[in-house]
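Structure, as structure tokens:
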Amino acid sequence: MTRSELAERAGLSRPTIWAWESGKTQPRNSNLQTLASALGISELELVAGRENTGSSPDEFDVIGPSAWESGEIPAGLAHPHRLRIMIYAAKLGIAALAGIKAQNVKISIEL
């Protein structure tokens, strides 16, 4: 599907889709819903890259809280792309609960 086709299907502009793809801006929650609907997938699949089937356990549950707290996360789960997606999803969730824009949510990580 081309950017033009996606923009038309979602009722959004091509520059908007381009700005999201290039990382210049991030979509609002309402636009994520619209985009997921246009693509025929869930918002979770759009943001996290996987479906919520309800049958597979969450990574947090499989690994356990102590591994996450100690930083002993298996290499496959600590992939930078996954971290970026996780942070973005957290920003969206926090923003929705706080009633603010996701761009106003700042997350810092201590190394």
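The values are calculated or read from the model by the stated rules, or taken from the named source; none is laboratory data. The shown structure was predicted, so the numbers you read here are calculated from the model rather than taken from an experiment. Here Cβ is always computed from backbone atoms with ideal geometry, including for glycine, and neighbour counts include all displayed protein chains.
Values computed for the structure shown
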read-out	value
Helices (runs of 4 or more DSSP H) contained entirely in region 25-111, each with at least 2 residues that are of a type outside the set (Phe, Trp, Tyr), modelled with pLDDT under 65 and surrounded by 11 or more Cβ atoms within 10 Å (Cβ to Cβ)	59-63
Count - residues of region 6-15 that are without any contact (Cβ under 8 Å) to a residue 12 or more places away in the chain and either in a helix (DSSP H, G or I) or touching a Ser or Thr at 6+ places or on another chain (Cβ under 9 Å) (or both)	4
